[in-house]
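One structure is given below, encoded as structure tokens.
The values are calculated or read from the model by the stated rules, or taken from the named source; none is laboratory data. For clarity, every value in this text was computed on a predicted model and none was experimentally measured. Note: ideal-geometry Cβ built from the backbone for every residue, glycine included; neighbour counts use all protein chains shown. Accessible surface is based on the protein model in full, side chains and every heavy atom, while ligands, DNA and RNA are left aside. Shrake-Rupley method; radii C 1.70, N 1.55, O 1.52, S 1.80 Å.
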Amino acid sequence: TTTTTTTTKALLHLYYRIYIPSVYPYHPTTMAKFSFSVLAFIASSLSVANGFAPTSTSSIAFQPSTASGTSTSLYDAAVESPPLAPLTLWGPKIENIGEVQSQYKSLSKKPDFAPTVSAKDLGIENDKAAQLEYIRENAFELKEKMVENGAVIFRDFDLMKEQEGFVQFYETLGMKTCLDPLHSVSARPTVDGKKGSPVYEAVNKESRKNFFIGMHNEFVGTRAPRAAAFVCFKAAETGGEFLIGDGRAIFRDLKPEFVQKLYNRSIRYSVMELPFFGWIDDMPEFSRGPLMGAIKGLASAAINAKVDFSVDLQWGEGGYDNVKMLQARAPKQPPIVIHPVTGDPTWFCNVHSHSSKLRKDREKIYGAERFEDGASQINKSDMFFGDDGDISDEDLEHMDEVTMKNVQYVKMTEGDVVLLDNYKCMHGRNVFDGTRKHGVAWFEGWEGEEEMKKKYSEEKAVTV
């Protein structure tokens, strides 16, 4: 609140001390534009979170009800202020990235990806008690499959058709929940609409049905869950497939010279845009520089007070009409990381979902993104080299081609779950028609993780 109040006062100060003396009475219509821009900017400083990921809304706190006489379900009772999503584990710098990729390409046995576990095949269909017992008896092996193979697809399980059974599933498996990685900047809606519920909504809104969600690993700023479980409570009538992709295979299949270039220069995302400043071009030339500097400073203070990672604001032009905007860029990071348990090199780069060019290319297939309201206009992203250089269309198209070559479309039905390792497995969502209700739970880790680390430290697939 203090930051917002300060921002508001400062902007009003600019309005009365800089704008009116310099423009009035020469541009009275521009005055109205500026007034609207001030209001839009103040509003955006209250809800900048929408720009940091494609599925956010506003801030939350986990406070389960403890009122006496209130009946409490299993998942309500289980939620006791989960920890924040863990810090992203970038791993050590890979000094010889070309050699590592070459070794990975030459492996005689390519790693399997996303095996299926079917209750029907196990002979436990329509028996929730037997399904829960199977999960309990095979918990460690199932988690090993997730870590080794990137993901596990559970089919034909009645247990997970409702939220309470889904929570039983992942708790019995020994997964350790954490808050949504957007928690510090925004809130993702929960499936049951309750604040503090452990199961969040996936992107199910009708207004986003023709928005193809590109492949990405879940992380916001400096935080990334280690794993996730995506569940289907109701499948869309048409489309809406959950998409998964093997980060190891994408790393393997990219051109070596491109991998070398991208890894050496690192990557950087723009995480939001403030497209409210076209009016500056109508100001007297002598006032533009000081005004832009003041606005950038105020916006930077407001945004960095809201998020737990450093954001750098840069002036640019965006949208279809090239209007003046402020673009917020996150710190640079490597596009390839070492898996924290297995030591495998894996693609950990959200270009497929964040690239403005690739999203616009998809609009030609699926229709416009429908970025119509103020929040959606803010919620735009892009990707650059770590030194802020532009990535060529040719390189973007190469990444798109290799990514889509390694994507699996998983048509989920009620009760199906995809348990995935967030470092090895990318995810996305196809366009859809009808009503879709999918949910997700995030995990900071799992029981038995240290035992797995010990095993893989002795048997790394690739030496870094």
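Out of Thr413, Thr403, report the one residue that is open to solvent by 10 Å² or more (accessible area, probe 1.4 Å), hydroxyl-bearing (Ser, Thr, Tyr) and either modelled with pLDDT of 95 or more or not in a helix (DSSP H, G or I) (or both).
Values: Thr403 fails: open to solvent by 10 Å² or more (accessible area, probe 1.4 Å).
Exactly one of Thr413, Thr403 is open to solvent by 10 Å² or more (accessible area, probe 1.4 Å), hydroxyl-bearing (Ser, Thr, Tyr) and either modelled with pLDDT of 95 or more or not in a helix (DSSP H, G or I) (or both), namely Thr413.
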Under 9 Å by Cβ, and 6 or more places apart or on different chains, what pairs join a residue from region 101-120 that is of a type in the set (Ser, Thr, Tyr) with one that is open to solvent by 50 Å² or more (accessible area, probe 1.4 Å)? Ser102/Pro256; Tyr104/Ala461; Thr116/Arg155; Ser118/Glu125; Ser118/Arg155; Ser118/Asp156
Which condition does Gly278 not pass, out of (1) open to solvent by 30 Å² or more (accessible area, probe 1.4 Å); (2) at pLDDT below 85; (3) over 28 Å from Leu84 (Cα atoms), if it passes all the others? (1)
So which residues in region 292-310 are open to solvent by less than 20 Å² (accessible area, probe 1.4 Å), modelled with pLDDT of 80 or more and under 30 Å from Ala85 (Cα atoms), if there are any at all? Ala299
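Among the residues of region 325-336, is there at least one that is modelled with pLDDT of 80 or more, in contact with a His (Cβ under 9 Å, 6 or more places away or on another chain) and surrounded by fewer than 21 Cβ atoms within 10 Å (Cβ to Cβ)?
Just the residues of region 325-336 that are modelled with pLDDT of 80 or more, to begin with: 325-336.
Okay, now just the ones that are also in contact with a His (Cβ under 9 Å, 6 or more places away or on another chain), so none.
Checked against the condition, which is being modelled with pLDDT of 80 or more, in contact with a His (Cβ under 9 Å, 6 or more places away or on another chain) and surrounded by fewer than 21 Cβ atoms within 10 Å (Cβ to Cβ), region 325-336 yields no hits at all.
Could you list all residues from region 103-124 that are among the polar types (S, T, N, Q) and either loosely packed, with under 12 Cβ neighbours inside 10 Å or part of a loop (DSSP other than H, G, I, E, B) (or both)?
Initially, region 103-124 is screened for residues among the polar types (S, T, N, Q), giving 103, 106, 108, 116, 118.
Within region 103-124, Ser106, Ser108 meet the criteria.
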